Every structure is written in structure tokens, then in C-alpha cells.
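A.B. asks: I'd like to ask some things about the structure below.
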Amino acid sequence: MDHLTTHQAEEDARNEAILIYVNGQIVPKQDAKISVYDSGFMLGDGVWEGLRLYNGRWAFLDDHLDRLFEAAKAIDLDIGLTREGVVEALENLRAANQMETDAHARLMVTRGVKTRPFQHPSLSRSGPTVVIILEHSKPKIPRPIRLATVPHMRGMPMTQDPKLNSHSKLNCILACIAAEKAGADEALMLDVHGFVNTTNACNFFIVRKGAVWTSTGDYCMNGITRQKVIDLCRANAIPVFERNFSLVDTYGADEAFLTGTFGAQTPVGSIDGRQIGSGEMGPMTARLRALYKSLIEV
């Protein structure tokens, strides 16, 4: 059975020759290296952002910067750059790679190199590590995504707050593995009360009788694309609800789709072997995709 990912992109040979930002230097891909003592490699101690480049503009840049700096503050990490410094780094890398559109950046900040291979943050004494990978990236998802519900949950805020874009993604990776072994592309994860929450990599929506539903947001990533879809619904008189709902509600939905910076709105064809609606992209998903496209092209 073929498997897709929600980050599947068209093959692009140009990505073999990209330049990468590493701690203020822009270097060829093969020279982009960090220490084995780096906190991110050793412990998953860091935060990151994904950004899309459309027609020479970073989509929703202020929202992404807000989320990055809030996450860094939450884990008591000094990025070592101002907001303007981060923008300058992104723009310098974009110019160096001569990219204008259909590009995706992964901006990663860790607590930096440790003096010894142990957990305590005081062992990171040389300042943060900042890396930006910018690739030619055009989403290519040839069919609707298949989901499988898994036992892994997005956790409580006092364990690892799911609102953090943390380098520690093992819980979500295990969920993804479980879904793949069940014959699906991605995992549908429930919250601690058993309500439908999110997938391992994206936010999740259903459509029922002309209304758009998503989770309360209490246990999911505070997705920027998620919020833009909610805002678009409100601006266009589409009923939208942030609410608790169950798998029963989900299996009976007319449509389902995922949201994320990379794929924008990705249709879901089946969940746990149940066809959702027609099994193809539904009219509400198509409408929201068009509204979102108009938003990013402003």
C-alpha cells in the first residue's frame, strides 16, 4: 500500500545545491554541520518554525515570529537575535539561494553546544545554535490523506505543552509510526478526554452540514494556518466551531481536512477505514483553499 506524508513535495534537483544558514554563516549544504554536543541533537532542547515563501514574501511572518519568540521565552532560551535579526537572516538566505516562491524554511534554535553530555541547561554555555534550511518545495499530494486513530495523545500542558513547536517530537513520531503500521498516512490523535484533537503533524478539521468544526485548541499546536482558516470562516459567514467532538462525529462528517504551513489545507479521504464523504476533496475544503490562496497572494 502506498503511503503519503502531509509534507510530500515534488522532487527538485536544485535542493542538492542549496545554501544553509548556520550561526550567522551561509554555507553549502554539505558543509552545514553542528556539534554532536549540541543541545538539540543530544536532548531535543530547542524550538523551531516552518515558513513558506510565496511570490517574494514570507506568509504571515509576524505570526511566525510571535510564536517563535513566545516559545523561546517559555523554555527560557535567548535566541541571540532580535526579530529584525531573524528577518534579516531569512532574507539573506533567500537572496543567497535566489529563491522567490514555492520555498519552505525550517528555522531551528537550540540551547547550543554543551560542555558535557548531560541534561542540565547550565551546561550550554556558548550561546544558542540557529540554523535555517530553505528548500525549493512545492506540495505534491496526489490523493486525499488516509488517517488512523492511534493510542498516543497530545499531552497536558504540565507534561509537554503541545503549543510548543519543540524539537522533542518523539511522541508524534511514535504516533506516525503506529498509523503507518495500520496502513494509514498520518495519525489522528485524541486528547486526554478522548475527544478528536489533531494529527501527528497537522491541525484537524471536519465539516458537518455546512459548518466547520475543529478542536477546542486546548491540546493541539497553536497552528497559524489553523487560525487563518477559523478567521476566514468568520469573515465569510461560514459557521465555525472550536469544540469537543468524538470519533462518532468524525466518521459521519461530510468532509475532513488538515491544516499546516506546508500543505495549507489537505483533504482527508478516510479515517480508520471509513470513507469520509465522497472520499475526495469536498466543496468546503476547496472553497477554503481558494480563500486561503487569495489571502497569501495579497
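A.B. asks: Report the label-to-label distance for ARG143 and GLN119 in nanometres (one decimal), using points 7 Å from each Cα along the Cα→Cβ vector.
C.D. replies: Spacing of the two 7 Å Cα→Cβ label points: 4.4 nm.
A.B. asks: Another question, if that's okay. Pairs of alpha-carbon atoms within less than 8 angstrom and 6+ residues apart define the contacts here; what relative contact order does the range 13-136 have, in percent?
C.D. replies: 37
A.B. asks: Specify the angular offset, from 0 to 90 degrees and rounded to the nearest 10, of the alpha carbon long axis of helix 224-235 from the longest principal axis of the alpha carbons in the chain.
C.D. replies: 40
A.B. asks: Starting from 0.36 nm per residue, how many nanometres of slack lie between GLU10 and ARG83 once their C-alpha separation is accounted for?
C.D. replies: Here the segment from GLU10 to ARG83 would lengthen by 23.1 nm.
A.B. asks: To continue, here is another question. Would you be so kind as to identify which of ALA290, LEU190, ALA201 lies farthest towards the positive end of the dipole of the chain, taking Lys and Arg as +1 and Asp and Glu as -1 on Cβ and the Cα centre as origin?
C.D. replies: Comparing the listed Cα positions along the dipole, LEU190 ranks first.
A.B. asks: In the Gaussian network model of the chain, springs joining C-alpha atoms below 10 Å, which of LEU190, LEU43, LEU93 carries the largest mean-square fluctuation?
C.D. replies: Of LEU190, LEU43, LEU93, the Gaussian network model singles out LEU43 as fluctuating most.
A.B. asks: Under 8 Å for C-alpha pairs, at least 6 residues apart: give me the relative contact order for the chain, rounded to a whole percent.
C.D. replies: Normalised by residue count, the contact order of the chain is 19 percent.
A.B. asks: Relative to the present Cα-Cα distance, how much length would full extension add between MET158 and SER246 at 0.36 nm per residue of separation?
C.D. replies: Residue separation times 0.36 nm, minus the Cα-Cα distance, leaves 29.3 nm.
A.B. asks: Find how much the distance from ALA286 to LYS29 grows on full extension, using 0.36 nm per residue of separation minus their present alpha carbon separation; answer in nm with one decimal.
C.D. replies: Gain on extension, ALA286 to LYS29, equals 88.8 nm.
A.B. asks: Compute the FRET efficiency between ASP272 and ALA17 as 1/(1 + (r/R0)^6), taking r as their Cβ-Cβ distance and R0 = 41 Å, and round to the nearest 0.05.
C.D. replies: Calculated transfer efficiency: 0.45.
A.B. asks: Can I ask one more? Computed FRET efficiency, Cβ-Cβ of VAL192 and HIS3, R0 30 Å: what is it to the nearest 0.05?
C.D. replies: FRET efficiency, VAL192 to HIS3: 0.60.
A.B. asks: Moving to a separate point now. Restricting to Cα pairs below 8 Å that are 6+ residues apart, what does the relative contact order work out to for the range 145-296? Please round to a whole percent.
C.D. replies: Relative contact order, the range 145-296: 23 percent.
A.B. asks: With a point put 7 Å past each Cα toward its Cβ, work out how far ARG57 is from ILE177 in nm, to one decimal.
C.D. replies: 4.2
None of the figures in this text is laboratory data; all of them are computed from the coordinates on show. Everything numeric in this text was worked out from a predicted model, so none of it was measured. When we count neighbours, we look across all protein chains shown, and the Cβ atoms used for this are built from the backbone with ideal geometry, even at glycine.
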